[in-house]
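Q: Have a look at this one.
The values are calculated or read from the model by the stated rules, or taken from the named source; none is laboratory data. Note that this is a predicted model, so its numbers are computed, not measured. Cβ placement follows ideal geometry from the backbone for every residue including glycine, while neighbour counts extend to all protein chains displayed. All accessible areas refer to the heavy atoms of the entire protein, side chains included, with ligands and DNA or RNA removed. Shrake-Rupley method; radii C 1.70, N 1.55, O 1.52, S 1.80 Å.
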Amino acid sequence: MAGATQRRMPGKDGQQNPVTRAFSPVRTAFWGVAVVSFVINILMLTGPVFMLQVYDRVLASGSVPTLVVIGILAAVLYLFYGVLEGVRSRILSRLGQRVDARLSGLVYSVSNSLPTKLGKQAARLRPVQDLDTVRQFLSGPGPAAIFDVPWLPLYLGIVFLFHPLLGLVGAGGALIICALIGLNEWLSRSPAEDAAGYAGRRAAEVENGQRNSEAVTAMGMQSALVAKWDAQNGDYLATQRRASDLTGLFGTIIKTIRFVLQSAILGVGAWLAIQQEITPGVMIAASIMTSRALAPIEQAVAQWRGFVASRQSLRRLRDVLQVADTETDKMDLPLPANTITVEQVFCGPFGESMPYVQNVTMEVFAGDGVGIIGPSGSGKSTFARALVGAVPALKGVIRYDGAELGQWPAEKRGEFIGYLPQDLQLFDGTIAENIARFRADASSEKIIEAAKLANVHDLIVALPDGYNTVIGRSGRALSAGQRQRVALARALYGNPFLIVLDEPNSNLDAEGEAALTGAIKQMRERGSIVVVIAHRPSAIATVDKILCLKEGKMAGFGPKDDVLKQVVQPVQRARPANITGTFGPGVSGGY
Ligand code: ADP
Ligand code: MG
């Protein structure tokens, strides 16, 4: 997995994988289940033994009292058996829940960070679903079947004791079945893996369609998308079919062999009985015993797909959780308040190991306003993400009052970083929750302060539910400009030291722009560093420094007027109207 991510996590090697940790209490419980399984399997001998006694003792002697006594004995043993089976299945179903409970929070948080850490690769990883698969398998009939399989030699051993020839026939049958299981496992591995991959792509396709719902409807893309979906779904179904065909085929073969074996034992037993080597009771008991010995194998084959799927899920979870930032007790450093230094930083888009932005160096101080300008695709957003720690610097360091971001506990970062992403999304929740970033310690004053700074307070209170208006997927939709202003308030919440606004004015009207300019000014006066990425000059009216990027490289950094003179002036002479419009063509054509 992304080498850069692992490089940045010291001490990882010495630590146990969270999956291993989550399973450790379960492992002890598995021992308990193994003991219960042992007793259950001993009690399962009740049937054949009862049969043996009825045939050889009761029928031979014709004694009804004997029948009653062994009947009562058998009933008691069956009762025990039933109770233990119930206990075992309850333990197993709780084990699945325990593992889930221990991992789900971590898995959810890792799942949230995957897109920024792995980029495009993240689409095929669905750790939450993987955990579901593991839990479902653990809570289902699969593990019980697997726990019963090891007792096969016990049953076969008893059959051997009845008569070596019977034992040999039984062992031969068991060997054939085990070989078939091995073959099944070998053959079904790749279809199962393919199916998981296709399932991931399918889920991504569903999300894609929902996200672009408006475009799909407006431009009549429905049938084109359905064709694309059908092709993908066809692949998915085909691998599913192959996987279940295999399992079905092997299941049937194994079941048939078991029936044949049972009759073969009976036949051999009958022959031995005719030779007076064994009694008819032994013949019947051996037949039942063999079938009993092989039953869990058949069960295990039926559960095999679940087992394989959950094993793969577990492996993916292990890999994915390596990416997790395990918070070792980090020092409670004071919040930065003075400088941010960027030293020869190289960084790339999410999950890419090739740096797009190269060799950026700058130093900014409390109260500074920094405008980042440059044509589209010049790396402004990429650099902004590195600045707020959403993507790691692949080379070089960014220091906040001398310390790298990793030295603060993750939840502390929000207290000194405010970020308005270019492709902003609000969360499903109330406006107040969104502005307060869902913090448990949010106070109304701070929320309202941020909203007023972003000049969105009046707009919010004008809504029928005010700050409690539910927005996001399940609630009221705000206009793009309104969303941008709520997101601006979210970035300003708690007066962070560093505020990075990625094209904050792209959807704003004149009034919104004025509010933005005012907010930037106020935040700078309070000692924050405000970094604004802009296409239109109005947003950088209140900054004093400019970083200009071109094709990922620094084309200038310094006092605003100097840099603007350097990069924009030549074009301004050629096309005087340009400076009031946008930086885009001006900057790209300027040098
Ligand atoms: P800007 O914000 O200046 O318009 P970006 O930083 O968004 O530019 O993009 C810089 C470069 O990185 C572009 O060449 C773009 O194609 C590439 N890029 C941006 N986002 C991604 C992504 N998620 N995956 C791969 N490449 C990306
Ligand atoms: Mg951008």
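Q: Given labels modelled 7 Å from the Cα in the Cβ direction, how far is it in nm from residue 331 to residue 211?
A: Modelled inter-label distance: 4.0 nm.
Q: Separation of the stretch 381-447 and the stretch 10-72 by C-alpha centroid, Å?
A: For the stretch 381-447 versus the stretch 10-72, the Cα centre distance is 55 Å.
Q: Estimate the FRET efficiency between residue 276 and residue 226 by the formula 1/(1 + (r/R0)^6), using the beta-carbon distance for r and 56 Å for R0, to the nearest 0.05.
A: Details: r = 74 Å, r/R0 = 1.32.
Step by step, r from the Cβ atoms, then E = 0.15.
Q: Shifting gears a bit: For the stretch 181-267, I need the span (max minus min coordinate) of the C-alpha atoms along each principal axis, in Å, sorted largest to smallest.
A: 74, 19, 15
Q: Additional query: Would you mind checking the pairs 228/550; 330/550; 452/565; 330/395 and listing those with alpha carbons more than 27 angstrom apart?
A: Too far apart for the 27 Å limit: 228/550; 330/550; 452/565.
Q: If you stretched the chain out fully between residue 343 and residue 59, how much longer would it get, using 0.36 nm times the residue separation minus the C-alpha to C-alpha distance? Could you put the intermediate results ahead of the total?
A: On the way: separation 284, 0.36 × 284 = 102.24 nm, distance 9.38 nm.
This chain segment gains 92.9 nm when fully extended.
Q: With a 1.4 Å probe and all protein chains kept in place, how much accessible area does residue 229 have, in Å² rounded to the nearest 10?
A: 70
Q: Related question: Considering amide H positions built from the backbone, and no H for Pro or chain starts, which residues 5 or more places from residue 553, or on another chain, come under 5 Å of its amide H?
A: 358
Q: Now, a different point. For residue 410 and residue 187, FRET efficiency with R0 = 51 Å and r from the beta-carbon atoms, rounded to 0.05?
A: It comes out at approximately 0.70.
Q: Here's another thing I want to ask about it. Once you put a point 7 Å from the Cα of residue 510 and another 7 Å from the Cα of residue 445, both along the Cβ direction, what distance in nm separates them?
A: The two pseudo-label positions are separated by 3.7 nm.
Q: Taking 7 Å along the Cα-to-C-beta vector as the label spot, tell me the residue 562-residue 201 distance in nanometres, rounded to one decimal.
A: 5.3
Q: Right, another one. Using the heavy atoms of the protein chains alone and a 1.4 angstrom probe, what is the accessible area of the stretch 278-324 per residue in square angstrom? Mind showing how you got there, number by number?
A: Numbers: 1550 Å² over 47 residues.
About 33 Å² of surface per residue is accessible.
Q: Strictly greater than 24 Å: what percent of every Cα pair in the stretch 12-322 meets that? Spell out each step's value before the answer.
A: Numbers: 31495 of 48205 pairs.
I get 65 percent for the Cα pairs in the stretch 12-322 exceeding 24 Å.
Q: Find how much the distance from residue 75 to residue 376 grows on full extension, using 0.36 nm per residue of separation minus their present alpha carbon separation; answer in nm with one decimal. Please list the in-between numbers first.
A: Details: separation 301, 0.36 × 301 = 108.36 nm, distance 8.06 nm.
Contour length minus Cα-Cα distance gives 100.3 nm.
Q: Please give the length that would be gained between residue 359 and residue 468 if that part of the chain were fully extended, namely 0.36 nm times their separation in residues minus their C-alpha to C-alpha distance (nm, one decimal).
A: Gain in length upon complete extension: 34.8 nm.
Q: Going by amide H atoms built from the backbone, whose H comes under 5 Å of the H on residue 333, apart from near neighbours?
A: Sorted by chain and number, the residues that satisfy this come to none at all.
Q: Which of the helices in the chain meet the span-like rule: DSSP H, Cα axial reach of 20 Å or more, Kyte-Doolittle mean at least -1.0?
A: Details: long enough: 18-43 (38 Å, 1.22); 64-118 (77 Å, 0.83); 164-211 (68 Å, 0.23); 222-274 (75 Å, 0.42); 280-302 (33 Å, 1.00); 304-322 (27 Å, -0.61); 510-525 (23 Å, -0.41).
Helices meeting the span and hydropathy rule in the chain are 18-43, 64-118, 164-211, 222-274, 280-302, 304-322, 510-525.
Q: What is the log10 of I(q)/I(0) for the stretch 339-578, computed with the Debye formula using one identical point scatterer on each Cα and no solvent, at q = 0.16, 0.17 Å⁻¹?
A: -1.15, -1.28
Q: Sorted by accessible area (1.4 Å probe), largest first, how do 412, 521, 120 line up?
A: On the way: 412 45, 521 115, 120 160 Å².
Solvent-accessible surface, decreasing: 120, 521, 412.
Q: Calculate what fraction, in whole %, of the accessible area of the chain sits on carbon and sulfur atoms when a 1.4 Å probe is rolled over the protein chains.
A: Looking at the chain in its full context, I get 59 percent from C and S.
Q: Ok, one more. Which FRET efficiency, nearest 0.05, do residue 476 and residue 237 yield, Cβ-Cβ r, R0 51 Å? Working shown, then result.
A: Details: r = 39 Å, r/R0 = 0.76.
Plugging the Cβ-Cβ distance into 1/(1 + (r/R0)^6) gives 0.85.
Q: Accessible area, 1.4 Å probe, largest first: how do 356, 81, 493 sort? Write out the running numbers ahead of the final one.
A: On the way: 356 90, 81 60, 493 10 Å².
The ordering from most to least exposed comes out as 356, 81, 493.
Q: From a point 7 Å beyond the Cα of residue 179 in the direction of its Cβ, which residues of the stretch 262-303 have a backbone N at a distance under 19 Å?
A: 262, 264-265, 294, 297-298, 301
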